[in-house]
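The values are calculated or read from the model by the stated rules, or taken from the named source; none is laboratory data. None of these values were measured; they are calculated from a predicted model. When we count neighbours, we look across all protein chains shown, and the Cβ atoms used for this are built from the backbone with ideal geometry, even at glycine. When the accessible area is computed, the model is the full protein with side chains, heavy atoms only, and any ligands, DNA or RNA have been set aside. Shrake-Rupley method; radii C 1.70, N 1.55, O 1.52, S 1.80 Å.
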Amino acid sequence: MKPILLDLPVPIITPRLILRPPQIGDGVVVNEAILESFAVLNEFMPWAKEKPSVEESEEFARQAAANWILKNNDEPYLPLFMFDKETNQFIGGTGYHHYDWNVPSIETGYWIRNSYAGKGFMTEAVNAITQYAFKQLGVKRITITCDIDNIRSKKIPERLGFILEGTLKGNRRKPLTNEISDTLIYSRYDLNNLPELVVTWKNHNE
Ligand SMILES: CC(C)(COP(=O)(O)OP(=O)(O)OC[C@H]1O[C@@H](n2cnc3c(N)ncnc32)[C@H](O)[C@@H]1OP(=O)(O)O)[C@@H](O)C(=O)NCCC(=O)NCCS
């Protein structure tokens, strides 16, 4: 099937979160969260070299919203914005990138705003999108890559039972210092032993 014809039902709902594609008008809240968390993002996220303006964050939201229709396999791929189910506050971003619909396989990444860190929200979100990837997208493989020194990031796949497949030596630079670093590759090939979490989306347990 042509990727543009894939139906991807959203939102994805977990006990504490709503995950949905970016929409027109999200720029303001996303920008606020990026600025709040800039020091942390700047250390590991290549896209966070400079503080974005509200207009740049809005541009990202609109391009991402369009790509949920087009499914182009390039920036900004298929991001999902995370919202606190109780307060509707914007919490952070995750989603899918570098998909290969032929295998099919997919990668994911994530960031969380400072005020919501350390409460397990991102682990919950990645659990949810892992379930969605296998059950809805039908992937055979999902991958998380991170800098070897990104301790908080690597704890997420470890907590969720991903396998450390390998270390790519000296294949990246740290965005902040430009030092050469190593990449860890974590993968899952099925949902076996994923920590239990009730996750729903349209036509799936609803
Ligand atoms: C990577 C990043 C998302 C991790 O955020 P995080 O807040 O540590 O992750 P979670 O939201 O899953 O929270 C996990 C923490 O909450 C704690 N926690 C509290 N309640 C919890 C619950 N109900 N379930 C799971 N964990 C819980 C965990 O013990 C853990 O703390 P610990 O690591 O001190 O043990 C964050 O550091 C970040 O945005 N970094 C910048 C961007 C980045 O590097 N992204 C990754 C690129 S590869």
Checklist entry - Within a Cβ distance under 14 Å of L78, other residues only, what is the Lys/Arg minus Asp/Glu net charge? => result -3
Checklist entry - Which Cα, out of M45, I129, Q89, lies furthest along the positive dipole direction of the chain (beta carbon charges, K/R +1, D/E -1)? => result I129
Item to check | Only Lys, Arg (+1) and Asp, Glu (-1) charged, at Cβ; region 55-206 dipole about Cα centre in debye | outcome: 380 debye
Next on the checklist: If I take R0 = 30 Å and measure r between the Cβ atoms of E196 and V40 in this structure, what FRET efficiency does the formula 1/(1 + (r/R0)^6) give, to the nearest 0.05?
Outcome noted: 0.55
Checklist entry - By how many nm would the segment from Q63 to K174 grow when fully extended, if each residue of separation counts as 0.36 nm and the alpha-carbon distance is taken off? => result 37.3 nm
Checklist entry - Any idea what the relative contact order of the chain is, in percent, if you count C-alpha pairs under 8 Å spaced at least 6 apart? => result 22 percent
Next on the checklist: At 0.36 nm per residue, and after removing the present C-alpha to C-alpha distance, how many nm does the segment from D74 to R159 gain when stretched out fully?
Outcome noted: 27.7 nm
Next on the checklist: Per residue, how large is the accessible surface of the chain? Use a 1.4 angstrom probe and give square angstrom.
Outcome noted: 52 Å²
Checklist entry - How much of the accessible area of region 3-188, in percent, comes from carbon and sulfur atoms when a 1.4 Å probe is used? => result 54 percent
Checklist entry - For region 16-57 and region 166-206, what is the separation of their Cα centres, given in Å? => result 20 Å
Checklist entry - So for E56, E165, what's the accessible-area order with a 1.4 Å probe, most first? => result E56, E165
Checklist entry - What is the spin-label model distance, in nm, from K51 to R16 if the labels are put 7 Å beyond Cα along the C-beta direction? => result 2.8 nm
Checklist entry - So if R0 is 25 Å, what FRET efficiency would T167 and Y189 give, r being the distance between their Cβ atoms, rounded to the nearest 0.05? => result 0.85
Checklist entry - Per-residue ellipticity at 222 nm for the chain, helices alone: DSSP H runs ≥ 4 residues times -39500 (n - 2.57), over residue total, nearest 500 deg cm²/dmol? => result -8500 deg cm²/dmol
Checklist outcome for this item: Low-density loop trypsin sites (Lys or Arg not before Pro), region 103-168, at most 16 other Cβ within 10 Å, DSSP non-H/G/I/E/B, are K119, K140
Item to check | Cα-derived Rg over Rh, computed across region 3-188 with Rh taken as Kirkwood radius | outcome: 0.93
